[in-house]
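Beneath this line is the structure, given in structure tokens, with notes to follow.
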Amino acid sequence: MEQASRGLAGLSKSYDPKPIEDKWYSKWLEDGIFKADPNSEKPAFSIVIPPPNVTGSLHLGHALDNTLQDILCRTRRMQGYEVLWMPGTDHAGIATQNVVERAVRNEGGNRRDMGREAFVNRVWEWKSEYGSRIIGQLKKLGASCDWDRERFTMDEGLSRAVRRVFVELYEKDLIYRGKYLINWCPRCLTALSDLEVEHRELDGHLYSVRYDFAGGGGSVTVMTTRPETILGDTAIAVHPRDERNRHLVGKSVVVPIIGRVIPVIEDNMVDPEFGTGAVKITPAHDPNDFLVGGRHGLEQISVMDDQGVMNENADKYRGMDRFEARAAIIEDLKGAGLLLDEIPHRHSVGHCYRCNTIVEPYLSEQWFVRTRPMADEDVASVKAGEIRFIPEQWTATYYQWMDNIRDWCISRQLWWGHRIPAWYCDDCGAVIVSADEPESCGCGSKRLRQDEDVLDTWFSSALWPFSTMGWPDETPELEKFYPTSVLVTGFDIIFFWVARMIMMGLEFMKKPPFADVYIHALVRDEHGQKMSKSKGNVIDPLVIIEKYGADALRLTLAALTLQGRDIFLSESRIETYRFFLNKLWNAARFALMNLEDAEHDIDAIDYGALRTHDLWIMTRVSSVAEEMTALSDGYFFGESARLMYDFVWGELCDWYLELSKPALKGEEGAARKRATQSVLYSVFRDVLKLLHPVIPFATEELWSAFGYGDTIIGRSSWPLAREVSGGDSAASAMESIQAVVRAMRSLRAEIKLPPQQEAPRMCVRIKDSSLYEHVLNNDDLIRLLSRVGKIELMPEGASKPEKSISYITGIWEIFFPVGDLLDTDKEIARLSAESAKLAKDAERISRKLENKNFIEKAPAEVVEHDREALADAESRIRRIEENISGLR
RNA sequence: GGGCGUAUAGCUCAGCUGGUUAGAGCACCUGCCUUACAAGCAGGGGGUCAUUGGUUCGAGUCCAACUACGCCCACCA
């Protein structure tokens with residue numbers, strides 16, 4: 001035992017996280033307690049971190065996500081598991097490229113001038129300079145990752161996994177290339193997947209435009225929100241069973257402005273009820289029209305370039321921006337008398353999730369993952385319970401998306417990312433997909449060009465659970481730690497990430513990547529608003545850590561994590577939990593002040609010297625440990641934080657520490673003092689352990705102050721429930737003590753007797769005289785806590801003391817003789833109110849008991865319970881009334 | 001258009017498989033610097049559980065409808 005380190009020497013009077021957090025984090029790293037050993041005999045517990053973007057800085061979402069993961073990992077370590085928490089970062093294609101591009105522009109350069117190689121080198125430089133920033137911030141938070149294993153999605157190993165997966169999917173015909181209408185960001189100049197497009201409602205207009213028949217003699221009117229696409233129209237469509245427009249089919253009409261003659265066709269896609277029932281078809285600029293065009297072999301005419309500028313097909317609008325062109329075309333249509341109507345129209349418009357530019361449906365050659373064949377297997381796996389979403393409601397969300405899943409566009413026209421492992425032969429036009437660079441084409445040509453595009457960032461993150469463990473090699477890590485135990489993440493990336501990990505995990509590992517998916521809430525501000533820089537309501541976790549300490553932030557986040565709810569965070573809430581840390585700190589200081597230098601191990605406890613409250617607190621610790629284990633297994637973070645909060649504050653501090661004071665002062669003799677010290681020593685050991693996963697720094701510091709053996713708390717074992725002999729009867733005796741003390745305190749407050757002033761005496765009467773024993777045995781303690789000189793037990797039939805006020809519970813009657821301080825009217829009023837309230841209860845219960853159905857159908861114990869409750873209420877009323885008449 | 005979630009004290013939320021008098025923190029009121037802690041202690045006020053029906057002996061809890069708010073998905077021009 002480290003006597004030297006025990007005591008108050010290092011403990012400040014109030015809790016101050018500053019001097020302890022960095023110190024202990026370094027110690028943990030030094031001792032290697034976060035290291036995972038794949039050859040361990042212990043059962044495995046593993047988590048892969050949702051890799052933060054290398055560009056990122058720690059925000060509250062990360063803080064929450066990683067606090068929860070850390071709580072799980074630290075608990076499991078103490079429970080004897082071999083824990084792997086795999087850390088790393090994501091290269092975050094578009095986001096990172098944008099950041100570095102901006103930096104280059106600020107220096108007066110530009111990406112195109114630099115060229116691909118120089119630019120990519122520049123991003124790597126940037127990554128090596130700033131990429132570790134977020135890792136350092138996670139350490140500040142206390143994250144117990146196995147840092148030696150830190151991975152990056154563009155590491156050589158992970159890149160190899162990416163190429164391997166691409167090639168295998170291609171060979172299985174699950175990846176294909178083709179010219180389709182995709183979502184295009186005219187600012188990022190890249191294709192986006194459907195998920196990367198955010199739809200927002202915007203106010204626009206619905207324009208009615210007249211298309212005249214080619215030979216004259218009539219016209220058809222169509223509606224559009226995007227008149228600039230008129231230039232790319234290649235048909236007008238009506239519904240096949242639309243009587244109203246039947247006569248139009250087969251006619252030719254003239255596209256306004258541009259004069260192209262196009263046919264009127266029939267297609268089921270058209271809603272005959274909408275507008276005139278005729279719709280213009282622009283295969284190159286609308287996803288729906290693209291499909292119609294495909295069915296009818298229509299020409300696809302792009303009228304814009306990749307930057308959203310009108311191109312050579314746009315006639316006189318060439319060179320105009322798409323929105324300028326829209327305005328110009330509207331004017332021209334008006335001028336030509338072809339614009340028949342213009343009504344305000346609110347509709348949903350796609351925006352780039354990275355730069356918020358309005359996305360353009362754009363025709364281009366891209367790579368896709370064929371998701372349907374894999375999706376069915378994924379859903380089956382979840383349905384079979386191989387993967388469990390917690391809270392369960394997210395399963396429905398997952399299914400809904402998977403049931404409607406569409407092919408995933410994975411190519412991006414960026415420079416930063418995994419380059420697509422496909423080569424094109426300049427001589428024979430062959431496409432070679434290969435994990436390694438081919439030397440020559442099958443035709444013998446050496447003129448091979450690699451595809452210019454890179455893969456969607458989410459392609460590599462989909463492989464994260466196994467790529468980080470060394471796949472495609474067969475490694476001890478995969479053997480030991482795959483599948484992982486649980487994935488902890490926010491619902492915002494269920495589709496982006498979770499669904500795709502399941503897809504790739506099942507496809508390549510034949511096993512789902514995790515057993516549980518714990519989906520936590522989003523952190524919002526105190527008014528429920530999403531935090532954003534523009535709103536100025538962002539709470540920076542690093543500022544909070546600086547001000548309140550990492551433990552306070554962690555405890556707050558954990559306590560506010562109730563399943564399936566958003567978290568509304570404010571500084572005042574963090575303060576509440578910082579106060580708790582201070583409470584714990586001071587309780588520990590109190591214990592340490594009184595432990596002195598003796599050894600007080602639990603085995604040394606002299607059971608014969610224990611009193612009611614000692615046995616009670618020991619029993620309580622045991623059952624709290626049991627509850628904590630269950631709550632932890634069920635991912636009840638908020639509940640377990642609150643349990644500890646209530647137990648430490650409301651039971652340990654408010655009752656036990658107060659009751660232990662006389663013994664610690666030596667007033668109960670040497671044996672009692674020693675026994676009490678031992679109890680304190682043992683109780684704090686378990687309490688610190690139970691709190692350690694949530695508040696690792698403070699508990700480690702206190703652990704060392706107590707000098708519990710020579711190990712650090714991070715290596716100690718999780719407390720188990722312990723049988724305490726005599727614990728049950730101590731618990732019921734404690735109830736008596738608390739009932740009497742609370743009653744007397746309440747009576748004191750009634751006459752505003754100052755706490756320091758001792759009340760001369762109180763009288764106690766009780767229905768069940770066997771409980772007198774509890775009062776007699778703890779007379780000293782009850783008097784101490786209620787500041788009363790003398791407790792008189794009233795024998796049966798004794799009349800109540802003169803000039804006293806009373807507090808009547810179901811079991812106890814407490815009388816406080818107050819002499820001339822008695823305000824008879826006030827006391828009568830108080831008691832009458834109490835009596836009236838009880839009378840209402842009694843009436844309700846007796847009505848219930850008069851109900852035959854209730855007596856017959858309700859379980860016997862419920863009926864019995866109500867009978868007792870009624871008798872109890874009636875007896876209280878009777879006694880209160882007696883008191884009232886005594887006062888008169 | 002489809003799916004999901006939430007309505008309980010002034011605020012933020014607990015309340016598990018229906019069964020004592022619906023709880024906590026903050027805020028509020030009263031009295032206390034009682035040598036672990038004023039970041040504290042003790043006592044107290046405050047809710048017809050959104051609305052309406054239904055199931056049941058019994059509903060904050062289960063079911064339906066309705067209202068309000070929020071979120072996700074979707075190719076109505």
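Listing for the model above:
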| item | result |
| --- | --- |
| Relative contact order (%) - chain A, alpha-carbon pairs under 8 angstrom, separation at least six | 13 |
| Accessible area (Å², 1.4 Å probe, nearest 10) - A:Ile805 | 10 |
| Accessible-area composition of the stretch A:742-788, carbon plus sulfur, in percent [1.4 Å probe] | 49 |
| Carbon/sulfur fraction of accessible area - the stretch A:12-53, other protein chains in place, 1.4 Å, % | 49 |
| Antiparallel content of DSSP bridges confined to chain A, in %, to 5 | 70 |
| Of A:Lys583/A:Lys665; A:Lys18/A:Lys665; A:Lys583/A:Lys689, pairs whose Cα-Cα distance is over 23 Å | A:Lys18/A:Lys665 |
| Exposure of A:Arg74 as accessible area (Å², to 10), given a probe of 1.4 Å and all protein chains | 10 |
| Eligible lysines near A:Lys511 by straight Cα distance, threshold 22 Å, same-chain separation 8 or greater | A:Lys42, A:Lys172, A:Lys383, A:Lys480 |
| For chain A: accessible area per residue (Å², 1.4 Å) | 43 |
| Accessible surface, 1.4 Å probe, highest first, among residues A:Thr556, A:Thr619 | A:Thr619, A:Thr556 |
| Hits among lysines - C-alpha to C-alpha of A:Lys852 under 27 Å, sequence gap 8 or more where chains match | A:Lys837, A:Lys840 |
| Signed unit charges on C-beta, dipole axis of chain A, positive-most listed residue A:Leu248, A:Ile330, A:Ser364 | A:Ile330 |
| Amide H contacts of A:Tyr15 (H built 1.01 Å from N, under 5 Å, at least 5 apart or other chain) | none |
| Average Cα contact separation per residue, the stretch A:703-839, under 8 Å, 6 or more apart, as relative contact order % | 24 |
| Cross-link reach list, aspartates and glutamates versus A:Lys251, counting only Cα pairs under 20 Å and skipping chain neighbours closer than eight places | A:Asp212, A:Asp233, A:Asp242, A:Glu243, A:Glu266, A:Asp267, A:Asp271, A:Asp289, A:Glu299 |
| Amide H contacts under 5 Å for A:Ser46, placed H, 5+ residues apart | A:Leu84, A:Ser485, A:Val486 |
| Assigned charges on the beta-carbon of Lys, Arg, Asp, Glu; chain A dipole about Cα centre (debye) | 1460 |
| Rounded to the nearest 10 Å², the accessible area of A:Asp332 at probe 1.4 Å | 50 |
| Cut-off under 5 Å, modelled amide H: who pairs with A:Ala284 long-range | A:Ile301 |
| Protein-only accessible surface order, largest first, of A:Glu668, A:Glu377, A:Glu861 at 1.4 Å | A:Glu861, A:Glu377, A:Glu668 |
| Apportionment of accessible area to carbon and sulfur, the stretch A:604-659, percent (1.4 Å) | 53 |
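The values are calculated or read from the model by the stated rules, or taken from the named source; none is laboratory data. Being a predicted model, the structure only gives us computed values, none of them experimental. Because the Cβ atoms are built from the backbone with ideal geometry, glycine has one as well, and the counts that use them run over all protein chains shown. Surface areas here come from the heavy atoms of the whole protein model, side chains and all, with no ligands, DNA or RNA. Shrake-Rupley method; radii C 1.70, N 1.55, O 1.52, S 1.80 Å.
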